[in-house]
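Visitor: Below is one structure. I have some questions about it.
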Amino acid sequence: MSKSPSGRKRVTRASSPTAKSETPLAPAARETEPLSVEASGVPASFRLRREYQSPSSEQIAIRAYHLWLARGQSVGTDWDDWLEAERQLAASA
């Protein structure tokens, strides 16, 4: 070890025994093709099938809002509209 101008001890590394440069090797070529990534950024194999997907909260909220409008914007029907929207969207999936 030697001291640097700041007074701190500095660890020196020994040269490699083979005296070759320390540049990293290039990664090996892939043996398999990478997964295809769709526009959403998620590989198709990681996506849920349509039959296993449940409607999102946003889809349910929009459908419930339209049901509420169709009922004449009555007060106190939010849960009924939400549950009916879930039923309708689940049936159409």
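The values are calculated or read from the model by the stated rules, or taken from the named source; none is laboratory data. Just so it is clear, the model here is predicted, and its values are computed rather than measured. All Cβ positions, glycine included, derive from the backbone under ideal geometry; neighbour counts span all protein chains shown.
Visitor: Within segment 44-74, can you find the residues that are at pLDDT 65 or above, not hydrophobic (A, V, I, L, M, F, W, C) and not in a loop (DSSP other than H, G, I, E, B)?
Guide: Ser57, Glu58, Gln59, Arg63, Tyr65, His66
Visitor: Among the residues of segment 66-93, how many are loosely packed, with under 10 Cβ neighbours inside 10 Å and polar (S, T, N, Q)?
Guide: Residues that pass the stated criteria total 2.
Visitor: Now a separate question. How many residues are farther than 13 Å from His66 by Cβ, hydrophobic (A, V, I, L, M, F, W, C) and touching a residue at least 12 places away in the same chain (Cβ under 8 Å) when one looks only at segment 79-93? Outline the logic, then answer.
Guide: Kept after step one, since they are farther than 13 Å from His66 by Cβ, are these residues of segment 79-93: 79-80, 83, 86-87, 90-93.
From the residues that got through so far, the ones that are hydrophobic (A, V, I, L, M, F, W, C) too are 79, 83, 90-91, 93.
Within this subset, residues satisfying the condition of being touching a residue at least 12 places away in the same chain (Cβ under 8 Å) are 90, 93.
Total satisfying the criteria: 2.
Condition check ((1) touching a Phe, Trp or Tyr at 6+ places or on another chain (Cβ under 7 Å); (2) at pLDDT 90 or above; (3) not in a loop (DSSP other than H, G, I, E, B)) across all residues:
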{"site": "Ala29", "(1), (2), (3)": "no, no, no"}
{"site": "Leu35", "(1), (2), (3)": "no, no, no"}
{"site": "Gly76", "(1), (2), (3)": "no, yes, no"}
{"site": "Trp79", "(1), (2), (3)": "no, yes, yes"}
{"site": "Glu84", "(1), (2), (3)": "no, yes, yes"}
{"site": "Arg87", "(1), (2), (3)": "no, yes, yes"}
